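For reference, the structure discussed in these notes is given below.
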Amino acid sequence: GFLSYTHNYQMSYIGNATVTRLRDELFASIQRQPLSFFDGEATGVLMSRLTYDVNLLQDAVTRVVTSFFKDTFTVIGLSAVIFYREWRLALMAMVVFPLAVLIIVYLGKRVRRISHATQVANAYLYTVLQESLIGQRIVKAFAREDYEEERFSRANWDYFRIRMKLNATRELSPPIMEALGSLGMAGIIFYGGYAVIQGTSTPGTFFSFLAALLMLYQPVKSLSSVQNVFQEGLAAAVRVFGLMDREPEIADAPGASTLLPLAQEIGYAGVSFAYDGRENVLHDISFTVRRGEVVALVGPSGAGKSTLLNLLPRFYEATGGAIMIDGHNIRAVTLASLRGQIGVVTQQTILFNDTVRHNIAYGRLTATEAEIVQALKDAHAHDFVMAMPQGLDTLIGEQGVRLSGGERQRLAIARALLKDPPILILDEATSSLDSESEREVQQALDRLIIGRTTLVIAHRLSTVRNADRIIAMEDGRIKEIGAHAELLAADGLYRRLYEMQFAREETAGSETDETGRQEALKSSLK
Ligand code: ATP
């Protein structure tokens, strides 16, 4: 009793510790993957790998370690006993053996195939679940609760059916083994009993033979079912290790150097880019940004502005040409030193389900309370944070749902201020905030830009006007580069864009912001 308790405890320790480490390593491997990897994998699929697939491995590890070794030795030992006692009878008992092996192998392969299908079904179930939870606002807005219920239910029952198919196959091996075993046993009792009656064998030999044979029964049966668990584990291992062994496409080159803070300029030289081997979305992009400059990118939707900026922190790797910082190719420097210099403030503000304090400190984990407060003040976020029930320790909900759009943006700006990077990548929000909130965000952004080299995707007139230079893009190509007045005079792409996008703001400029926006909206509707 004591030993079997210890044994079971040890085994569960091994199983759990193994999967915990596996999960750690799998998570670390996922973290190292580039953004292109996440474009191709649904979040639900990755979550299912970390949970369902890894748990299948746990069963395989514990069962194989316990049962496989113990039972294999028992079978070998007892087989030796029965051969020693009565080799003729033993041979007879073994007649069914090849057939049993064939069946076990066949069922094992089938289990592995179906088990793979259960993993796919489980991953899909997670995907549906994750999407409908994240998208609740839209689900409700379109009153699609029934539709989502049905979609989930379909995935759920598909998963159920495939699980049942797996169980139906898995549970076949014990009864088949029993039936085959009984056949062998019947033959032995008949033949062995006959030999005892004839006096060619003794009852003692026969009974000891029979006892060993009966003892063989349980380990053989359990080995046959371990084979199924093992096959399920193998199917899971293929997926788990396939992901774990994936070399991140974007990583430090051997001998990568540390990039020092930007001193002179950032240069794009003949850069082209294609997503995932498709058509090029950027063609021959060349420009330089000097330290301290503010460069605004403008262009119609889909021109490639975001893509262009995503190449700088190596979120994606340029497919042609080179990006240089102070003469160093960004591929030849460490990712940490490159990204450590770049602050990113995107349109879609990503915050974590944590306190204000931790969200801001994400910019610099070692920041002191005073630094956090200063960042909040500079980002015009201090007042509203202090007005919240727990101040800095208020939980802001998933993605910051408990905050307004403008508040979320200001927190994101505070986070970037705390990081204090020399280079800034900004994507101005297009979604309109009310004028008060907009002004606050704008002031926070103006504060953020001071003293930094900034590349900004511009949606506001004031941004393009104040930029040192403007890059006008269309269809993945740079059409014009120059200052606002210069490009207006050139009467090209920028002027067209200006008339469509920014001129409205100019005419509305004399009015209050709010009426200006309404005017602009009306004129665009006309
Ligand atoms: P917008 O102003 O609308 O944000 P943009 O100028 O920033 O547009 P990009 O987002 O850079 O344009 O997109 C350029 C092209 O690349 C588009 O044709 C788009 O469909 C494609 N694209 C963008 N992101 C991806 C992606 N992750 N995978 C594949 N193609 C993409």
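So here's what we get for this one:
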{"quantity": "Hits in segment 239-248 (condition: assigned to a loop (DSSP other than H, G, I, E, B) and either surrounded by fewer than 12 Cβ atoms within 10 Å (Cβ to Cβ) or more than 17 Å from the chain's Cα centre (by Cα) (or both))", "calculated": "245, 247"}
{"quantity": "Number of the condition not met by residue 131 [criteria: (1) over 19 Å from residue 234 (Cα atoms); (2) free of Cβ contacts under 8 Å to residues at least 60 places away in the same chain]", "calculated": "(2)"}
{"quantity": "Counted residues, segment 399-414 - those being farther than 15 Å from residue 360 by Cα and among the charged types (D, E, K, R)", "calculated": "1"}
{"quantity": "First in segment 62-84 and in contact (Cβ under 8 Å) with a residue 24 or more places away in the chain and at negative phi, second anywhere and in a helix (DSSP H, G or I) and among the polar types (S, T, N, Q), Cβ under 8 Å, 6 or more apart", "calculated": "62/12; 67/222; 71/222; 81/208"}
{"quantity": "Sole residue being exposed (fewer than 14 other Cβ atoms within 10 Å of the Cβ), part of a helix (DSSP H, G or I) and hydrophobic (A, V, I, L, M, F, W, C), chosen from 78, 133, 129, 125", "calculated": "133"}
{"quantity": "Qualifying helices (runs of 4 or more DSSP H) (wholly inside segment 6-71; at least 1 residues being modelled with pLDDT of 90 or more and small (Gly, Ala, Ser))", "calculated": "43-48"}
{"quantity": "Flag if residue 402 is among the basic types (Lys, Arg), within 30 Å of the chain's Cα centre (by Cα) and part of a loop (DSSP other than H, G, I, E, B)", "calculated": "yes"}
{"quantity": "Members of segment 182-192 found to be within 17 Å of residue 83 (Cα to Cα) and not hydroxyl-bearing (Ser, Thr, Tyr), listed by number", "calculated": "184, 185, 187, 188, 189, 192"}
{"quantity": "Test: residue in segment 81-90 that is part of a helix (DSSP H, G or I) and under 27 Å from residue 10 (Cβ atoms)", "calculated": "no"}
{"quantity": "Checklist (1) over 29 Å from residue 48 (Cβ atoms); (2) away from the ligand (no atom under 16 Å from the Cβ) applied to residue 242, failing item", "calculated": "(1)"}
{"quantity": "First in segment 466-493 and touching a residue at least 12 places away in the same chain (Cβ under 8 Å), second anywhere and part of a strand (DSSP E or B) and hydroxyl-bearing (Ser, Thr, Tyr), Cβ under 8 Å, 6 or more apart", "calculated": "478/286"}
{"quantity": "Long-range neighbours under 9 Å by Cβ, at least six apart or interchain, first residue closer than 18 Å to residue 38 by Cα within segment 295-324, second aromatic (Phe, Trp, Tyr) and more than 13 Å from the ligand (Cβ to nearest atom)", "calculated": "311/268; 318/268"}
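The values are calculated or read from the model by the stated rules, or taken from the named source; none is laboratory data. Keep in mind the model is a prediction, meaning the values are calculated, not measured. Ideal geometry is used to build each Cβ from the backbone, glycine not excepted, and the neighbour counts take in all protein chains shown.
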